[in-house]
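This report refers to the structure that appears directly beneath it.
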Amino acid sequence: MKSILIKNAQLVNEGSITTADVLVQNGRIAQIGQRIAAEADQTIDATGLYLLPGVIDDQVHFREPGLTHKANIETEARAAVAGGTTSFMEMPNTVPNATTQELLEDKYKIAAETSLANYSFYMGATNDNLAEVLLTNPNTVCGIKIFMGSSTGNMLVDNEQTLEQIFAKAKLPIAVHCEDEQTIRDNMALYEAKYGEDIPVKCHPEIRNEAACFKSSFMAVKLAEKHNTRLHILHISTEEELKLFRNDIPLEQKRITAEVCVHHLWFDKDDYDTYGTQIKCNPAIKEARHKQGLLKGLLEDKLDVIATDHAPHLWEEKQGKYKQAPSGVPLVQHSLQMMLEFVKQGKLTLEKMVEKMSHAPAILFNVRERGYIRQGYWADLVLVDPNKLYTVTKENTYYKCGWSPFEGHTFSSSITHTFVSGHLAFANGEFDERKKGERMLFDR
């Protein structure tokens, strides 16, 4: 691999911003310092640019195998890299579901051949695959995924005995989708009685409501406390759920952690009037007080990481009526720009953003040698121009589904370069796919 010297960058890392040079050799960060004089195959002048550790997104849906009309690992990994996400952890609700060791490894083989980003895949739990789940290697797989809500059809785990066993015996972090199935069904019946097949999309947060989220999250936390499980609750969407989480100990010591997603920080219920089913997702985007509460919870370290839950569907699929339109929003390409907008608005500091999008996922999942700009670590790096406007268009949106809720929106910052395991994979709108990403490893 060619060596790269990044000069005069504003390096944002581990709570501080400093002017520095970074030398990349053999895929890793060889040197960090001021005025590095080493020879390199390529030199990049980063004057006026921020240099960040690459984003680690702990929750994406890339749809391969089985749903590749919507997306595949190759297309979505390219979109991720274009947006500064260098590593992803992908969910098991593909077709077939990744619920055996063989099916899980099939996804790793596809990624090794096609993914421009670094990758890991969750093992999926069902009501009857406990033996398979317990075979999962904690050093080579990011975690176990449990759907404690009806979001994904037949992957719902609602057998209490199975849940107890998984929580008691799992050696990996358990990541859970928490919404109470019965609450949602009861609410849906009420709205069907009132509206028939013409339920307004704005009712989505009333059907998949605060009570459904809290009841399920509360149950997961109680199970984890009982068994001392390493639990990670995904996409927290309500202010009420924040009371379930601690901020009085360092992240390294937490056994129960929580994620917030960019769309729950950005949108609120009023946005259904503009976007309709485009922003229909599970858990639902709710009233503005939740958006405000989630940001406060993030700043106070009740919420530990920022992710996307990137979930693409075809535009045609999203145009159906409320009940027919699938839930999910394509987001992975613009998550960093969204949060940089929060920085510009004074809602978040750059240092905090990097902590929640890069450092914290690395800590939380025990990711080996990634998530920081440190000598000897893999060179997963992003250069950002904080003053270069970027308008989202169909042409510069790289998802296979071909659309984004941000089409026509202008962000105030641009991603100029993305380095994946030392390879300059994206630079000024151009991809270099001669080297693929690496399989993520975990120190457990």
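Just for the range 16-67: of the residues that are farther than 20 Å from Trp378 by Cα and charged (D, E, K, R), which one is modelled with the lowest pLDDT? My answer is Arg35. Under the condition of being assigned to a loop (DSSP other than H, G, I, E, B) and free of Cβ contacts under 8 Å to residues at least 60 places away in the same chain, the residues counted in the range 69-100 number 8.
Condition check: of a type outside the set (A, V, I, L, M, F, W, C) and either at positive phi or open to solvent by 10 Å² or more (accessible area, probe 1.4 Å) (or both). Does Gln31 satisfy that? Taking the combined requirement at face value, the residue satisfies it.
For the criterion of being open to solvent by 40 Å² or more (accessible area, probe 1.4 Å) and farther than 30 Å from Met188 by Cβ, Lys169 passes. Taking Leu265 as the residue in question, decide whether it is within 19 Å of the chain's Cα centre (by Cα), in a helix (DSSP H, G or I) and not aromatic (Phe, Trp, Tyr). Against the criterion (within 19 Å of the chain's Cα centre (by Cα), in a helix (DSSP H, G or I) and not aromatic (Phe, Trp, Tyr)), Leu265 qualifies.
Among the residues making up the range 196-216, a single one is within 14 Å of Gln324 (Cβ to Cβ) and free of Cβ contacts under 8 Å to residues at least 60 places away in the same chain: Gly196. Within the option set Gly371, Gly328, Gly346, being open to solvent by 20 Å² or more (accessible area, probe 1.4 Å), among the small types (Gly, Ala, Ser) and at pLDDT 95 or above holds for one residue only, Gly346.
Looking only at the range 195-211, residues that are over 22 Å from the mean Cα position of the chain (by Cα) and open to solvent by less than 20 Å² (accessible area, probe 1.4 Å) come to 4 in all. Of all residues in the range 393-407, those that are of a type in the set (Gly, Ala, Ser) have Cβ atoms under 6 Å from Cβ atoms of residues that are surrounded by 14 or more Cβ atoms within 10 Å (Cβ to Cβ), 6 or more apart or on another chain, in Ser404/Pro330; Ser404/Val392; Ser404/Thr397.
Counting only helices (runs of 4 or more DSSP H) that sit completely within the range 146-231, those holding 1 or more residues that are in contact with a Phe, Trp or Tyr (Cβ under 9 Å, 6 or more places away or on another chain) and at pLDDT 95 or above correspond to 181-195, 204-207, 210-227. Give me the pairs, please: first residue somewhere in the range 217-239 and open to solvent by 20 Å² or more (accessible area, probe 1.4 Å), second residue anywhere and of a type in the set (D, E, K, R) and assigned to a loop (DSSP other than H, G, I, E, B), beta-carbon distance under 6 Å, and either six or more positions apart or on two chains. As it stands, the answer is Arg230/Arg255, since those pairs meet every condition given. Asn127 satisfies every condition listed in (1) without any contact (Cβ under 8 Å) to a residue 40 or more places away in the chain; (2) assigned to a helix (DSSP H, G or I); (3) over 22 Å from the mean Cα position of the chain (by Cα) except (2).
The values are calculated or read from the model by the stated rules, or taken from the named source; none is laboratory data. Keep in mind that this is a model prediction, so the values were computed, not measured. Note: ideal-geometry Cβ built from the backbone for every residue, glycine included; neighbour counts use all protein chains shown. Keep in mind that these areas ignore ligands, DNA and RNA; they rest on the heavy atoms of the full protein, side chains included. Shrake-Rupley method; radii C 1.70, N 1.55, O 1.52, S 1.80 Å.
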